[in-house]
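K.L.:
Dropping a structure here in structure tokens format, bear with me for questions.
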Amino acid sequence: MGSTSTPEGCSASISSIYYNLCDLTAVWGVTVMAIASAGVVTSFVLFIVLMSSIPLVTDKKRKGMVALQASVLVSALGLFGLTFAFIVGQYATTCAARRFLFGVLFSGCFACLMMHGLWLALLERQGQGLRSWMLCLGAGALWLVQVIINTEWLIVTVIRSPARGAADLDPSCSIENQDFVMALIYVMVLLLGVVLTAAPSPTYKHKQRRRDGTFILVTGLFTLAIWVVWTVMYIYGNQAVGKPTWDDPTLAIAVLSNAWVFLFFYTIPQLCFLTQEDLDQEQPPDGDHVYPARSLVFENIYNEPEPIQQNKNMENNTFSMDEPKPEAKTPASAHSGINEIRCVYQPTEIVLMTKGLAAVICTKT
């Protein structure tokens, strides 16, 4: 810092690299820290809610997406924590964390979003998507590529760099802005893959897939806009306006805003839809009913029981006047119950059309 005096709001015992966390004159540091702290708490609460909602999920397809959603939440939580590294002043630890974790955490989010969008596209076109373990394996493979890239880049630029004098900055803090952006090319490719895989989602036939894909597309578009803005400002804008000290605030605000985009436009909507019924279940075609016989029989029984019974009683009375009365009451046989049941239960269409003939048969038996 240009001045050795302690800024307002900070204690004299605090190191100068932490002044942005308490300096009331540097409003951006205190504001970003407060919003990042709220993001950490929100991500942790959402993660607990997500894990506790797993037993309530009835849709097996959505249950397979829980692992990807949890990975996005963990990566977003890491992004909120990474924001503090850009608020704190530059030294060996914070610079190494910035260079390594920036691409690793973003690639974790983009890989999960890309696999979710790919799963929706395959499900819409082929009627069957990839299994959950295949989705997790694919997202892990995409994320591991960026881990390898950042590890090699950190080794080449920091560990194997020539020794510097004590007055020079740490090698991890002396990276040019253009080099920092160039190390994120693979992350930008993943971001482009998220947008492309989710682009056809508004045209999906099923409501659930269309809705899920649209949220992924909106998340990708907002993220793409944030990345374009911070990249232009970080490489050209700050130097053009003569404010090179704006580099750290630019990156901090970019990381913070992008993490909230992941929460608002992907995690929270997916969490709200997690326990809903499957809206994509195919309805049977007309004439292909699951229980056709049951619907026909019970509809006939409950819709027309009284007229049939009345007609049967009237016809039974007519025929009973012509027949002589029996001298003695005959004992009930085992077949009498069957005949009685047959008289009462005639719910078929043929009997309904020939009600008079059925009544005669019942009376004689």
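K.L.:
If R₀ is 35 angstrom, what is the calculated FRET efficiency for the pair Ala67 and Ala199, using the beta carbon separation as r and rounding to 0.05?
P.N.:
0.90
K.L.:
Next question. As an exercise, take the mean of 1/r over every pair of distinct alpha carbons in the stretch 220-269, invert it, and state the Kirkwood radius in angstroms.
P.N.:
One decimal place: 11.5 Å for the Kirkwood radius.
K.L.:
For Ile235 and Val189 in one chain, what is 0.36 nm times their gap in residues minus the Cα-Cα distance, to one decimal in nm?
P.N.:
Full extension of this stretch gives 14.7 nm more.
K.L.:
If eta is 1.002 mPa s and T is 20 °C, what Stokes-Einstein diffusion coefficient results for the stretch 1-109, Kirkwood Rh from Cα pairs, in µm²/s?
P.N.:
Details: Rh = 16.1 Å.
Roughly 133 µm²/s, to the nearest whole number.
K.L.:
Over the stretch 9-83, average the accessible area per residue using a 1.4 Å probe and give it in Å², no decimals. Display every interim value, and only then the final one.
P.N.:
Values: 3470 Å² over 75 residues.
Per-residue value: 46 Å².
K.L.:
Moving on to the next point. Give the ranking of Leu271, Leu68 by solvent-accessible surface, highest area first, calculated with a 1.4 Å probe.
P.N.:
Largest accessible area first, the list is Leu271, Leu68.
K.L.:
Something else about it: At a Förster radius of 22 Å, what calculated FRET efficiency corresponds to the Cβ-Cβ distance of Ser15 and Gln178, to the nearest 0.05?
P.N.:
0.15
K.L.:
With +1 on each Lys and Arg Cβ and -1 on each Asp and Glu Cβ, how big is the dipole of the stretch 192-272 about its Cα centre, in debye rounded to the nearest 20?
P.N.:
The dipole magnitude comes to about 540 debye.
K.L.:
What order do you get for 123-130, 245-252 when each peptide is scored by the mean count of other beta carbon atoms within 10 Å, highest first?
P.N.:
With the highest mean Cβ count within 10 Å placed first, the list reads 245-252, 123-130.
K.L.:
With charges set only on the Cβ (+1 for Lys and Arg, -1 for Asp and Glu), what does the dipole of the stretch 44-133 come to about its Cα centre, in debye to the nearest 20?
P.N.:
180
K.L.:
Provide the per residue accessible area, probe 1.4 Å, for the stretch 198-257, rounded to a whole number of square angstrom.
P.N.:
Values: 2850 Å² over 60 residues.
Computed with neighbouring chains in place, this is 48 Å² per residue.
K.L.:
Right, something else. Taking N as the number of residues in the stretch 47-115, what is its alpha-carbon radius of gyration divided by 2.2 N^0.38 Å?
P.N.:
Scaled against compact globular proteins, the figure is 1.40.
K.L.:
Determine the share of the stretch 75-130's accessible area contributed by carbon and sulfur atoms, expressed in whole percent, with a 1.4 angstrom probe.
P.N.:
Carbon-and-sulfur percentage of accessible area, whole number: 62.
K.L.:
Local charge sum around Ala70 (other residues, Cβ-Cβ under 15 Å, Lys/Arg +1, Asp/Glu -1)? Don't skip to the answer; put the middle values down first.
P.N.:
Working: positive: Arg62, Lys63; negative: none.
Local charge sum for Ala70: +2.
The values are calculated or read from the model by the stated rules, or taken from the named source; none is laboratory data. Here the structure is a predicted model, which means the values were calculated and not measured. All Cβ positions, even for glycine, are placed from backbone atoms using ideal geometry, and neighbour counts span all protein chains on display. The area values use the complete protein model at the heavy-atom level, side chains included, leaving out ligands, DNA and RNA. Shrake-Rupley method; radii C 1.70, N 1.55, O 1.52, S 1.80 Å.
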